[in-house]
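K.L.:
Dumping the structure here so I can ask a few things about it.
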Amino acid sequence: MAPATTDYDVLLDLVRTRMSVRRLKPDPIPEDAVDRILETARWAMSGANSQPWEFIVVRDPAVKRQLYDAYVTINAEYIFWVEQQRVPELRHPSFQQPGAPEEQLRRLRERYGKGWSVAPALIVVLGDGRKQWGTVAGAHTFGRFMSHLTDGLANTSQLIHLAAASLGLGAQWVSIHVQEPFKRILDVPDLLMLYLIIPIGYPDVERRPGVRHEVKELVHYDRYDRSRYLTDAEAFDYLQQLRGQTIAKYATSYGQKPGEEGAGR
Ligand SMILES: Cc1cc2nc3c(=O)[nH]c(=O)nc-3n(C[C@H](O)[C@H](O)[C@H](O)COP(=O)(O)O)c2cc1C
């Protein structure tokens, strides 16, 4: 008799097969899908169970377009220019392209295309920094947006991704670095944080296996094994290797052929 599938098997399969889906179909998703996803999200852990999250579900195509416009202009420009402060080899692969900065920005926007604006639904994750004051003072000594807020928001966002995957849907983590324009579009009150946008829809890409470190590379037993502690120079190498693994993918997504002048810079 085949062994019974345990909760652990189901969980592991779900977390291993979920992936970030950066190309979604515009096709409608089941009526109750977002409700089911949010039913999961509300069970996330948070400091002192303060549950500092709220969500805006965006289905209106005009609002989606406005949010996406803000993303490919204000948000993208900000991260592009901050990235210029790094040595070129360590810039995020999206920002290691040949050409003058203005030309790079133009091509970056072209590459964004309609992006996640076509997703049938967006879940915008908001945080109320006042609610985390339910937890110990040490966690929020320095302001409203401290780790007990963002840790809770990350937990609920992770559950949204897993719940979407369990329903056969794709989701993507769209980091928002400049909140204000998005808050204005959605009329979000000043005191709230606009943490994340998660587009939801059917995947328009093939599933591919994820890449993660093996447990034995991550775990120490009883005490920290200092022989495995990375020196600063090794940590630098680690980042360079990480770039090496992703850069070619980004370059080809910009239409460059592997080995072409400037490709993979
Ligand atoms: C804090 C955080 C920020 C992220 N920011 C972005 C982002 O801005 N854009 C994006 O496409 N993916 C983003 N991701 C997704 C990661 O790139 C992705 O989870 C990682 O490469 C592993 O791939 P997988 O999700 O397909 O397993 C983010 C994930 C996290 C947790």
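The values are calculated or read from the model by the stated rules, or taken from the named source; none is laboratory data. Please read all numbers here as calculations on a predicted model, not as lab measurements. Virtual Cβ from ideal backbone geometry, glycine too; neighbours counted across all protein chains shown.
K.L.:
Among what's in the range 199-220 and is surrounded by fewer than 13 Cβ atoms within 10 Å (Cβ to Cβ) and closer than 17 Å to L167 by Cα, pick the residue that is farthest from the ligand (Cβ to nearest atom).
P.N.:
If we take residues in the range 199-220 being surrounded by fewer than 13 Cβ atoms within 10 Å (Cβ to Cβ) and closer than 17 Å to L167 by Cα, then E206 is farthest from the ligand (Cβ to nearest atom).
K.L.:
Name the single residue, out of those in the range 196-250 being aromatic (F, W, Y) and in a helix (DSSP H, G or I), that is nearest to A33 (Cα to Cα).
P.N.:
Only one residue tops the list, namely Y250.
K.L.:
A further question on this structure: Among the residues of the range 127-147, which ones are touching a residue at least 60 places away in the same chain (Cβ under 8 Å) and away from the ligand (no atom under 16 Å from the Cβ)?
P.N.:
Correct list: D128, G129, R130, K131, Q132, W133, G134, T135, V136, A139.
K.L.:
Give just the number: which of (1) farther than 30 Å from G113 by Cα; (2) in a loop (DSSP other than H, G, I, E, B) does D13 not satisfy?
P.N.:
Unmet for D13, out of (1) farther than 30 Å from G113 by Cα; (2) in a loop (DSSP other than H, G, I, E, B): (2).
K.L.:
If I filter the range 150-171 for residues that are more than 10 Å from the ligand (Cβ to nearest atom), at pLDDT below 95 and touching a helix residue (DSSP H, G or I) at 6+ places or on another chain (Cβ under 8 Å), do I get at least one hit?
P.N.:
Yes; the residues of the range 150-171 include at least one that is more than 10 Å from the ligand (Cβ to nearest atom), at pLDDT below 95 and touching a helix residue (DSSP H, G or I) at 6+ places or on another chain (Cβ under 8 Å).
K.L.:
Do we find a residue being away from the ligand (no atom under 14 Å from the Cβ), surrounded by 18 or more Cβ atoms within 10 Å (Cβ to Cβ), part of a loop (DSSP other than H, G, I, E, B) and in contact (Cβ under 8 Å) with a residue 40 or more places away in the chain anywhere in the range 172-195?
P.N.:
Looking through the range 172-195, at least one residue is away from the ligand (no atom under 14 Å from the Cβ), surrounded by 18 or more Cβ atoms within 10 Å (Cβ to Cβ), part of a loop (DSSP other than H, G, I, E, B) and in contact (Cβ under 8 Å) with a residue 40 or more places away in the chain.
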